[in-house]
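A short worksheet on the structure shown next.
The values are calculated or read from the model by the stated rules, or taken from the named source; none is laboratory data. If you're wondering where the values come from, they're calculated on a predicted model, not measured in any experiment. Cβ placement follows ideal geometry from the backbone for every residue including glycine, while neighbour counts extend to all protein chains displayed. Note: accessible area is taken over every heavy atom of the protein model, side chains too, but ligands, DNA and RNA are not part of it. Shrake-Rupley method; radii C 1.70, N 1.55, O 1.52, S 1.80 Å.
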Amino acid sequence: MPLLRVQGLSFSYRDRRVLTDVSFSLERGEVLGVVGPNGSGKTTLLRCLDRILDPEGDVRLDGRDLSAMSRTEIARTIAYVPQSGGALNPVTVFETVLMGRRPYLRWSVSEEDKRKVSEALSLLGIGGFASRRADRLSGGERQRVLIARALAQDARLLLLDEPTSALDLRNQIEVMALLRRLADERRLAVVAAIHDLNLAARYCHRIVMLKEGRVLGEGAPSSLLTGEMMRAVYGVEAAVKDEMGVPYVVPLRPSDDGVEVV
Amino acid sequence: MMTDFGRQEYARLTEKRALFIAALILILAALVGVAVTLGSANLPVADSYLAILAGLFPEAVDLPDRMVESNAVGIVWGWRLHRVLFAIVAGFGLAIAGTVMQGVLRNPLASPFTLGIASAASCGASVAIILGAGFLSGYLVIGNAFLFAMLAAGAIYGMARLKGMGSETMILAGIALMYLFSAVTSFLQYLGTSEKVQEVVFWMFGSLDKSSWPKLGLVTVVVVAVVPLLLWRAWDLNALAEGDETAKSLGVPVERSMAGFMLAASLVTAVIICFTGTIGFIGLVAPHITRMVIGADHRTLIPASGLVGAVILLGADCLARTVIPGAIIPVGIMTAFLGIPFFVYLFMRRRDA
């Protein structure tokens, strides 16, 4: 049984349809990249999967109907890492990561909670600044803190909204490699919305391609990222090269029949 | 050991928080000791304390004649003690209300004052004083102030409900209400006779002159009922501070808890300021001061900022009663004179660091 199975998921903000009939599934230990142009519904999809939004359709987590689970149950299984735009809350890094224990905490903080926080910090290589203030971190540090919080949450499914968009080159590949390692070693399932196709191709097992709220394609990066797909989804002429088995997309120019016409 | 990252620092932080709270309790106790000896009646310090004991254990304490003559027991119990305790409870409650509002709305400017609740109370009091219209005859001013304050809170909640429960919506709704109620108050003052207007103005200064045992009892009951609830849900406040989405993904029912927190904070504010007039400043500053010292974990931030608020209000009232002999400066003015320079000092120092 897959860890996550999504069937016929649709969502509308008031009268605007954002997602239409989205279906896919996800196994343990798998990194799934969600790619697509701006406004294609990537963020909304992640929010629906964590039931921050309530979609129509059938979402099953370990075979259980997500809409029948309590908030706390969901929080113990799924961790959501929002796009890190603004600064974090002015508390210490340790306390920020400790928030990941919220689904388990009683009023006081137990030994186990503290141990899990320390573990998450050390796994992310940020144990050194546990007592620094979270609102004074750089983009790369901030992203690591948020991922550490998700790990402290003991979730089996991580949802990340553009985890690399605010990062420099080195931090981008470090964060993606870390996600891949968590999937490979800890059998976590990861869904990440990603803009950078080449980063997605390199680190994701599979990719779901969204356009205007619909799934245009799903599969391994090498089968999905083709010149045709780039034209259909982004309206871009692109050369797709092969770099040691990983597709590498080089955008050339906007297609003549641009996306606006569609 | 690998799994020790940050744990020592966290233990130290926890210790620091406990120490801060203990220190505040000591300061507050010392302040109470001073406050009960202050007053226009010029009782000797020892007599004041003896009077307290005499009130508690009438049989056990032998009153000297001079104290019977000076009616020391009557003065201390009838005038001073409830005022001192009222300052503590009111300062505690206002500070906690501000802490909760800032936490829920993730905005350092949120307070009962900036959200229009205080100006709604002023407006209600003005209606009672100038038009003589109101809801609780006999307690017209108090009843109106309370009702208008809760009305404002309800209106903020209603608007937020319609427009989506965002913190920005609530703050904008609060600011809009603040201007609306201020305008109505001004209009009433324009209509009123000069004596009535003066009464309104004096009400709006905020003071503890009208404190009494029954009022103290009522306010205490509300504060004592609400504070444990807030403490119990302190983790939800911590999660909300991380953002609505994050809070939701951590299992917090965001809309429901936001509404609950705002209601609790508004209730505490309303029940206090309907008796005191607007003492708006404490709700803004006490949480800030506390957060700067011990950080933003609401489990300790709530009680600690409550104590800071109590210290500020009681300290301000002591000064207000003594700084000009024979006159009592309204404590609302005094808190601002005292607290704002201190606040600015802390703020500037922090920016340097």
Quiz item: With the calculation restricted to Cα positions, what are the radius of gyration and Dmax of the range B:203-353 in angstrom?
Solution: 17.2, 59
Quiz prompt | Estimated distance in nm for a label pair at B:LEU263 and B:VAL45, the labels positioned 7 Å out from Cα along Cα-to-Cβ | solution = 4.9 nm
Quiz item: Given a 1.4 Å probe and every protein chain left where it sits, what share in percent of the accessible area of the range B:159-276 is carbon and sulfur?
Solution: 70 percent
Exercise. Just grab the label-to-label distance for B:ALA30 and A:THR20, each label 7 Å out from Cα along the Cβ direction, in nm (one decimal).
Key: 7.2 nm
Self-check item: 1.4 Å probe accessible area per residue over the range A:1-144, in Å²
Solution: 40 Å²
Exercise. Enter the Cα centre distance for the pair the range A:38-66 and the range B:217-241, rounded to the nearest angstrom.
Key: 34 Å
Quiz item: Taking the convex hull of the alpha carbon atoms in the range B:13-352, what volume per residue do you get, in Å³?
Solution: 155 Å³
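Any chance you could run the full-extension gain for B:ALA183 through B:MET292? It's 0.36 nm times the residue separation minus the Cα-Cα distance, nm to one decimal.
Numbers: separation 109, 0.36 × 109 = 39.24 nm, distance 3.50 nm.
Fully extending the segment from B:ALA183 to B:MET292 adds 35.7 nm.
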Quiz item: Using helices alone, what [θ] at 222 nm do you get for chain B, with -39,500 (n - 2.57) per DSSP H run of 4 or more residues, divided over all residues and rounded to the nearest 500?
Solution: -25000 deg cm²/dmol
Quiz item: Who wins for biggest fluctuation among B:SER126, B:SER186, B:SER167 in a Gaussian network model of chain B, springs between alpha carbons below 10 Å?
Solution: B:SER186
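Restricting things to Cα coordinates, could you compute the convex hull volume per residue of the range B:149-220 in Å³?
On the way: hull volume 9.0 nm³, N = 72.
In the range B:149-220, the Cα convex hull volume per residue is 125 Å³.
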Quiz item: Around B:VAL141, what is the net charge, scoring Lys/Arg as +1 and Asp/Glu as -1 over all other residues with Cβ under 15 Å from its Cβ?
Solution: 0
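Between B:LEU53 and B:MET159, what is 0.36 nm times their sequence separation minus the Cα-Cα distance? Round to one decimal in nm. If you can, show how the numbers build up before the last one.
On the way: separation 106, 0.36 × 106 = 38.16 nm, distance 5.20 nm.
Computed gain between B:LEU53 and B:MET159 is 33.0 nm.
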Exercise. Sort out for me the Cα centre separation of the range A:89-150 from the range B:257-283, rounded to whole Å.
Key: 33 Å
Self-check item: Local electrostatic count at B:LEU208 - Lys and Arg +1, Asp and Glu -1, tallied over other residues with Cβ under 12 Å
Solution: +3
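For chain A, what % of the accessible area comes from carbon and sulfur atoms, probe 1.4 Å?
46 percent
Would you calculate, for chain A, the mean residue ellipticity at 222 nm contributed by helices, counting each DSSP H stretch of 4 or more residues as -39,500 (n - 2.57) and dividing by all residues, to the nearest 500?
Working: 9 runs with 85 residues, N = 262.
Taken over chain A, the calculation gives -9500 deg cm²/dmol.
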Practice problem: Enumerate the lysines that A:LYS114 could reach by cross-link, defined here as Cα to Cα under 30 Å, with residues fewer than 8 away along the same chain left out. | Solution: B:LYS16, B:LYS248
Practice problem: Please express the Cα-Cα pair-distance distribution P(r) of the range B:129-271 as a list of whole percents, one per 5 Å bin, running from 0 to the bin with the greatest distance. | Solution: 2, 8, 14, 18, 17, 14, 12, 8, 5, 2, 1, 0
Quiz prompt | Label-reachable residues, the range A:73-117, where backbone N falls under 20 Å from a point 7 Å from A:ARG28's Cα toward its Cβ | solution = A:73-80
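Among the complete DSSP H segments of chain B, which ones combine at least 30 Å of alpha-carbon extent along their axis with a mean Kyte-Doolittle hydropathy of -0.5 or more?
B:7-35, B:81-105, B:140-163, B:167-191, B:254-276, B:298-322, B:331-352
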Quiz item: Rg/Rh for the protein assembly as shown: what does it come to with C-alpha atoms and Rh from Kirkwood?
Solution: 1.09
Self-check item: Average accessible area per residue (Å²) across the range B:204-261 - probe 1.4 Å, nucleic acids and ligands excluded
Solution: 39 Å²
Quiz prompt | Farthest positive-ward along chain B dipole, Cα basis, beta-carbon charges - from B:SER122, B:THR300, B:ALA259 | solution = B:ALA259
Self-check item: Length released on extending from A:ARG181 to A:SER67, taking residue separation times 0.36 nm less the Cα-Cα span
Solution: 38.0 nm
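So, R0 is 35 Å and r is the distance between the beta-carbons of A:SER10 and A:MET244; what FRET efficiency does that work out to, to 0.05?
Details: r = 39 Å, r/R0 = 1.11.
Efficiency, from the Cβ-Cβ distance: 0.35.
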